[in-house]
Amino acid sequence: MRLMQEEMIGYGSEEEREMESSSSSCGGSIVELGFQEKKSMKVVVVGYALTSKKIKSFLQPKLEGLARNKGIFFVAIDQTRPLSDQGPFDIVLHKLSGKEWQQILEDYRLTHPEVTVLDPPGAIQLVYNRQSMLQDVADLDFSDAYGTVGVPKQLVIQKDPSSISDAVKKAGLTLPLVAKPLVAKSHELSLAYDEYSLGKLEPPLVLQEFVNHGGVLFKVYIVGDAIKVVRRFSLPDVSKRELSRSVGVFRFPRVSSAAQSADDADLDPCIAELPPRALLERLAKELRRRLGLHLFNLDMIREHGTKNRFYVIDINYFPGYGKMPEYEHIFTDFLLKLATSKYKKRSSCLP
C-alpha cells in the first residue's frame, strides 16, 4: 500500500480554463502575444515577489514551461522600484515579510483594484500568528454526516517560563503538550512530557494538547477551489505507560520532513484512510471564505481509535507546493481561472 496516496478535488472544467478572446475597457493587462504561433492566445502576467528559497522550490522549469504554453508569464518584481511603475500585472503572487512590504501591497491593492493580489497581507498575518491561526477553525465548530473537525485545546504563553506550569493547570490542559513558536515562520516544535519540564520551554509560544493520531498527518493543500491531500508521517502515539515513564522536553526540527520515506509504508487502513472528500470540500470552502485566502494548507489528524473525529493542528500560507504531486497543472489552471473570472467582472462594467 502506498502511503503517498492522493486525491484531487475541485479541478475546473475545460471551459473555465479557456481565456476570453475579447478585450475590456475596464482595465487589465490580458493582451495578445506578439508571436505568430500564439496569435490568438491571451497573456496572463503574474508578477512575483518571493524569497530565493521559494523561487527555487516553486518556480521550477516544468511549471514555467507549462505556464508559457497556457499563456501565463511569471515576471519578477523589482523591490528597489515602486510597484506601481512595474507591470502591468493581472496577478501579484507574493510571500515576503516585513511591515514595509505589507504597506506597499496594501497601497497597491487600493490603487490597482483590477489586479488580484495573492493574498491580502492582512489575512496572511492572521495565519502567521498561532494565537489567531486556528480561531476560524474553532469558531466554525464543524460537524456534518462525515465527521467533526476541531482544534486541540491550546494555551498561549507570552513570557516567564516559570509560570507555565501553573498556567497549564489553570487552563486544564493534559500532558503531553506540543510547544510551537508563536510566530509560525518556524516549523520546529517540542513535546513536553511532564509539568516540571515546562519551565525549560522558551516563550512566546503556543501549547497544544497532544492528540494520539496513529503517527499519520494529512497535508490538505488548497489552491483556490482545488484540493490535494497527501499522507505524511507524524509524531508517534504516546501511551499512558510511556507518559508515566517519560520526562523532559523533546525537540523536533520538522515533524513531516520524513514524508518521502513513507511511500511504501504498510499501514492500518483505519489510520491511513484519507478524510472524506465531502468533508474536505465543505471545510475548505468555509475556511477560504473565513480566512480570505486562496493559497494555504491544513495539517489535519484523525484521533486514533475514531473514524471521523479530526483536528486541524496548523495552517500554512503558500506552503511548499513544489512537493505536491501535479502542482504544475493545478496551479496554472488556478491562475487561468482566476484571471478569467477577474476579466469577466471587468467586462461586466462596460455600458
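The values are calculated or read from the model by the stated rules, or taken from the named source; none is laboratory data. None of these values were measured; they are calculated from a predicted model. Neighbour counts are summed over all protein chains in view; Cβ atoms, including those assigned to glycine, are modelled from backbone coordinates with ideal geometry. We work out accessible area using only protein heavy atoms, side chains counted, and drop any ligands, DNA or RNA first. Shrake-Rupley method; radii C 1.70, N 1.55, O 1.52, S 1.80 Å.
Here are a few things to note about the model shown:
- Cross-link pairs exceeding 19 Å in C-alpha to C-alpha distance, out of Lys95/Lys185; Lys169/Lys307; Lys56/Lys228; Lys56/Lys180; Lys95/Lys285; Lys153/Lys180, comprise Lys169/Lys307; Lys56/Lys228; Lys56/Lys180; Lys95/Lys285.
- Ranked by how many other beta carbons lie within 10 Å on average, peptides 150-160, 283-293 from highest: 283-293, 150-160
- Net lengthening on full extension, Thr306/His187 (0.36 nm per residue, minus Cα-Cα): 40.1 nm
- Modelled this way, with points 7 Å down the Cα-to-C-beta line, the labels at Glu202 and Lys169 are 2.7 nm from one another.
- Karplus-based coupling profile of segment 222-233, in residue order and whole Hz: 10, 10, x, 7, 8, 10, 10, 10, 10, 9, 9, 5, with θ = phi - 60° in 6.51 cos²θ - 1.76 cosθ + 1.60 and x standing for Gly or Pro.
- Separation between Cα centres of segment 130-154 and segment 64-109, rounded to whole Å: 33
- Here the extension length gained between Ile55 and Ser132 equals 24.9 nm, from 0.36 nm per residue of separation less the Cα-Cα distance.
- Spherically averaged projected area of segment 133-204 from its Cα convex hull (nm²): 5.8
- When only alpha carbons are used to place a centre, segment 278-326 and segment 172-219 end up 19 Å from one another.
- Across the accessible surface of segment 264-310, with the other protein chains kept in place and a 1.4 Å probe, carbon and sulfur atoms take up 46 percent.
- Here the ratio of the Cα radius of gyration of segment 48-149 to 2.2 N^0.38 Å is 1.34.
- Label-to-label distance, Val156 versus Leu96, with points set 7 angstrom from Cα along the beta-carbon direction: 2.8 nm.
- Take 241-251, 185-195 and order them by the average number of nearby Cβ atoms within 10 Å per residue, most first; the result is 185-195, 241-251.
- The label-point distance for Glu195 and Thr111, in a model that sets each label 7 Å from Cα toward Cβ, rounds to 5.8 nm.
- Counted residue by residue at 0.36 nm each, then reduced by the alpha carbon distance between them, the extension gain from Gln79 to Asp268 reaches 63.0 nm.
- Each peptide in 116-129, 221-234 was scored by the mean count of other Cβ atoms within 10 Å over its residues; highest first, the order is 221-234, 116-129.
- Straight-distance crosslink candidates among lysines, where the alpha carbon sits under 16 Å from Lys62 and sequence neighbours closer than 8 are dropped: Lys54, Lys70, Lys323
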